[in-house]
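Enquirer: Pasting in a structure now, in structure tokens, and then I'll have a few things to ask.
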Amino acid sequence: MSNMAEAMVSAPDIEIPVSFDVLVGEVVPKLGPERLHALQQAIAVALRAHHPAQSAAADQRESERQAAIARSRESRRQSLGAQEETSRLFDELMKKWGIDEVEPVGPERLKELMLEDGIRPEDNIASREIIAMREE
């Protein structure tokens with residue numbers, strides 16, 4: 001075993017009388033979720049007592065993290081609401097234009113429909129319109 005592994009797990013004024021390897025390899029896996037959580041909480045309390053400045057900074061970071069999570073959830077809720085409103089307005093517009101029952105077509109079918117309407121691909125109508133708009 002290395003010196004690191006043989007060293008006792010400790011913090012100032014806190015000593016756990018087992019090596020780190022034993023603690024991690026044998027003790028922790030045998031703990032149930034509740035006891036493991038209780039151990040984590042006890043260690044956190046002990047460390048806060050010995051490092052109040054770090055504890056205050058950690059508490060501040062946790063507070064900021066929780067605030068960011070709350071803002072993110074609110075933003076997501078608003079976004080979903082806006083998305084529903086946009087979808088509703090789009091459906092109304094499609095109905096107003098009389099194309100609410102039209103199914104989308106793929107590129108092959110679109111090309112066929114354009115050819116049936118007399119549009120020739122070699123005329124490059126779309127490209128010409130884009131160029132004209134850029135020149136305006």
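Enquirer: Are any residues in region 98-126 small (Gly, Ala, Ser) and modelled with pLDDT under 90, and if so, which ones?
Expert: Gly98, Ala126
Enquirer: Give me the pairs: first residue in region 38-66 and within 19 Å of Val28 (Cα to Cα), second residue part of a helix (DSSP H, G or I) and among the small types (Gly, Ala, Ser), beta-carbon distance under 8 Å, and six or more apart or on different chains, which are they?
Expert: Qualifying pairs under 8 Å: Leu47/Ser55.
The values are calculated or read from the model by the stated rules, or taken from the named source; none is laboratory data. On a predicted model such as this, the values are computed, not experimentally measured, just so you know. Note that each Cβ is placed from the backbone with ideal geometry, even for glycine, and that neighbours are counted across all protein chains shown.
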